[in-house]
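Student: Just passing along the structure, written as structure tokens.
The values are calculated or read from the model by the stated rules, or taken from the named source; none is laboratory data. No experiment lies behind these values; they were computed from the predicted model shown. Cβ: placed from backbone, ideal geometry, glycine included. Neighbour counts: every protein chain shown.
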Amino acid sequence: MIYKNNIPPSILDKTNKVLYKVSNHPICILKEKIFEYFTDLVKIEIDNPYVSIENNFDRLRVPANHPSRRMTDTFYKNDKEVLRTHMTSYLYPIGKSNTGKSQLKYITCGDVYRKDAIDATHYPVFHQVDAFCIVPEGVDVKQDLRNRLSGLIKHIFGDSISYQFLEDSEHDDVYFPFTVDSLEVSATFKMDEEEKQLELLGAGTVHPDIMKDLGLANHQAWAFGLGIERLAMVLFNIPDIRLFWTQDKRFLNQFKAGEITKFQPYSKYESCYKDISFYLNSQFSYNDLCAIARDEDKNNLVESIILIDEFDNKGKTSQCYRINYRSMDSTLKNSEVDKIQKAIRKRLVDDLKVELR
Ligand code: FA5
Ligand code: MG
């Protein structure tokens, strides 16, 4: 597989924003709050978001043919480097750097990049906190991890949140190639009068092969990675993940360093939608549609892409997607929306070979 640069300008533009260091931004406020809880871990921040394919995937046992490696899922700089898709990509370089001293007790934070779905809780750039901690002999690594995570959630939310541990022994989809005894934590909370369930973090015991690779074969360590936006949306009551990137003063001026306050909604700019219907072929995937939309949507106007209708006709499957448009920073221009929609339609035919209806 030859990987070429597939990083559009709209994404490149995000790589020097370092929101997690802007002290009155919700991302940074929450990061500080999380860091504060882990007093025993060394804090490490690496601003350069480019990492080697080896550290992002190979060393973490991500199979060579795993879908997350595709050009439609990951931003490649070239055939050696990617925009980090998770903050776990430092496990090997940091863990290995102190060979002999096994200093694997750290917490890190940074912006990560994925060609993901487009909706109110997914964004191609988001922030993760990742932590690793070697436990002393005799300590139950699983129990220690669960205690720490419960403690963290209490530290952030107090008792006002209900959360669940989803264990890999009970849920097949809870899986990370770099951990065993993996688990996820999800939370139930109310937003806009609606009860919502949101995945907050993934965690587990670092895989024995990786410990061996680090020269720590006789040790055990736990690790976890959480999405800051997800927690921040609940904590600050922020309804749309794109707001974290707005330049609107009505958003930015609401928050103060070190303080957790509820977001006061202000009137949104109006939205509009355009539907697109087509007969699928076997190649088509929703992710490819999102990837195309993201490419053509240079100014982040696409708010969501939702499947609204599907039917079978003479052995062919037809789907209809609704593309919702809204700008966070200005009034939509019809001509701009039309231009994006037209470009998406064209690329659906040219690249994905679907039959438009
Ligand atoms: C990971 O990225 C693992 N590296 C986490 C991990 C670390 C597991 C160490 C075990 C040990 P996952 O892809 O599930 O896992 O992402 C972690 C969290 O990031 C999710 O729980 C979610 O809160 C957040 N997240 C994932 N995708 C997005 C997205 N597109 N937008 C916003 N937040 C996201
Ligand atoms: Mg996940």
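Student: Consider Q247 carefully, then state whether it is within 16 Å of ligand 2 (Cβ to nearest atom), modelled with pLDDT under 95 and more than 28 Å from Y106 (Cβ to Cβ).
Tutor: Taking the combined requirement at face value, the residue does not satisfy it.
Student: Looking at the range 197-214, which of its residues are more than 16 Å from ligand 2 (Cβ to nearest atom) and in a strand (DSSP E or B)?
Tutor: Within the range 197-214, T205, V206 meet the criteria.
Student: Run C320 past the list (1) of a type in the set (A, V, I, L, M, F, W, C); (2) outside any strand (DSSP E or B); (3) farther than 23 Å from I11 by Cβ and report the number of the one that doesn't hold.
Tutor: (2)
Student: In the range 144-152, is there at least one residue being assigned to a helix (DSSP H, G or I), buried (at least 17 other Cβ atoms within 10 Å of the Cβ), within 16 Å of ligand 2 (Cβ to nearest atom) and at pLDDT 95 or above?
Tutor: Looking for residues that are assigned to a helix (DSSP H, G or I), buried (at least 17 other Cβ atoms within 10 Å of the Cβ), within 16 Å of ligand 2 (Cβ to nearest atom) and at pLDDT 95 or above, one finds at least one in the range 144-152, hence yes.
Student: Listed residues G227, G204; which is within 22 Å of P26 (Cα to Cα), surrounded by 15 or more Cβ atoms within 10 Å (Cβ to Cβ) and in contact with a strand residue (DSSP E or B) (Cβ under 8 Å, 6 or more places away or on another chain)? Spell out the reasoning first.
Tutor: Working: G204 fails: within 22 Å of P26 (Cα to Cα).
G227 is the lone residue from the list that is within 22 Å of P26 (Cα to Cα), surrounded by 15 or more Cβ atoms within 10 Å (Cβ to Cβ) and in contact with a strand residue (DSSP E or B) (Cβ under 8 Å, 6 or more places away or on another chain).
Student: Of (1) in a helix (DSSP H, G or I); (2) touching a Ser or Thr at 6+ places or on another chain (Cβ under 7 Å); (3) farther than 18 Å from S10 by Cα, K346 satisfies all except one. Which?
Tutor: (2) is the only condition that K346 fails.
Student: Could you grab the pairs with beta carbons closer than 8 Å, sequence gap of 6+ or different chains, first residue in the range 182-210 and closer than 20 Å to D140 by Cβ and small (G, A, S), second one modelled with pLDDT under 90 and more than 14 Å from ligand 1 (Cβ to nearest atom)?
Tutor: Partner pairs satisfying both residue conditions: none exist.
Student: Continuing with this model, one more query. Hey, among V51, V62, which residue is buried (at least 17 other Cβ atoms within 10 Å of the Cβ) and assigned to a strand (DSSP E or B)?
Tutor: V51
Student: Then there is this: Tell me, yes or no, whether the range 164-181 has at least one residue that is outside any loop (DSSP other than H, G, I, E, B), near ligand 1 (Cβ under 10 Å from one of its atoms) and within 26 Å of C290 (Cα to Cα).
Tutor: No, there is no match, as no residue in the range 164-181 is outside any loop (DSSP other than H, G, I, E, B), near ligand 1 (Cβ under 10 Å from one of its atoms) and within 26 Å of C290 (Cα to Cα).
Student: While we're on this one: Can you name the residue in the range 300-357 that is farther than 26 Å from Y266 by Cα and exposed (fewer than 11 other Cβ atoms within 10 Å of the Cβ) and, of all such residues, is nearest to the chain's Cα centre (by Cα)?
Tutor: Ranking the qualifying residues of the range 300-357, first place goes to D350.
Student: While we're looking at this one, here's another question. Under 6 Å between Cβ atoms, at least 6 apart or on separate chains: pull out the pairs that start in the range 25-43 with a residue that is crowded, with 18+ Cβ neighbours inside 10 Å and end on any residue that is assigned to a loop (DSSP other than H, G, I, E, B) and not aromatic (F, W, Y).
Tutor: C28/V22
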